[in-house]
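A quick write-up on the structure given underneath.
The values are calculated or read from the model by the stated rules, or taken from the named source; none is laboratory data. In this text the structure is predicted, and so the values were computed from the model without any measurement. Neighbour counts are summed over all protein chains in view; Cβ atoms, including those assigned to glycine, are modelled from backbone coordinates with ideal geometry. Surface areas here come from the heavy atoms of the whole protein model, side chains and all, with no ligands, DNA or RNA. Shrake-Rupley method; radii C 1.70, N 1.55, O 1.52, S 1.80 Å.
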Amino acid sequence: DILVDGKVCDCDVVVTCQVGDPVPLQVKLTNWSKHSVGPFALTMMPYQDYQNGVHNYDLQDAITFVGSNTFYIDTVKPTKDSVYFGSLLFLYTGDFYLNIKFHEDNCSRELPLSWLCLPSVHIRATD
């Protein structure tokens, strides 16, 4: 589950926020399996979509995280969840997206890291 500014988000919703106001983010990972999962790293990456196949991830002058954009999750037990909080601060107006990825953070594996990507969250920063 993803909440932006207290509102549940999915790929069909555009969340509107004000430039200069911190926007609270909440990501909740629920383990619906019968086994414990983890460790994971949760990474949130803002970008702009230029609608021509180009995604601009170089936004350090337009968006900043209050805190970290990466959180480490040790283990999530069956039917339990783990919630992570952060905030974004938009410095300019525009349409932005938030890529949210979970990846296995287990260095003892011989296989490549596997990723679970959630649908991008669309955020519109206005004056």
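Chymotrypsin sites (Phe, Trp or Tyr not before Pro) within segment 10-82: which are DSSP loop residues with at most 16 other Cβ atoms inside 10 Å? Here the sparse-neighbourhood loop sites are Trp32, Tyr50, Tyr57. Using the Stokes-Einstein relation with a Kirkwood hydrodynamic radius computed over Cα pairs, the translational diffusion coefficient of segment 23-82 at 20 °C and a viscosity of 1.002 mPa s comes to 154 µm²/s. Using a simple spin-label model with pseudo-atoms 7 Å out from Cα toward Cβ, Asp95 and Val14 lie 0.6 nm apart.
Taking all protein chains as present, what is the carbon and sulfur share of the accessible area of segment 5-113, in % to the nearest whole number, probe 1.4 Å? Heavy-atom surface of segment 5-113 belonging to carbon and sulfur, 1.4 Å probe: 52 percent.
With the Kirkwood sum run over all distinct C-alpha pairs, the chain has a hydrodynamic radius of 15.5 Å.
Only Cα pairs under 8 Å and at least 6 apart count here; give the relative contact order of the chain as a rounded whole percent. Can you show the working numbers first?
On the way: 294 pairs, mean separation 43.7, N = 127.
34 percent.
Under a model in which nothing but the beta-carbon of Lys, Arg (+1) and Asp, Glu (-1) is charged, segment 1-123 shows a dipole of about 460 debye around its Cα centre.
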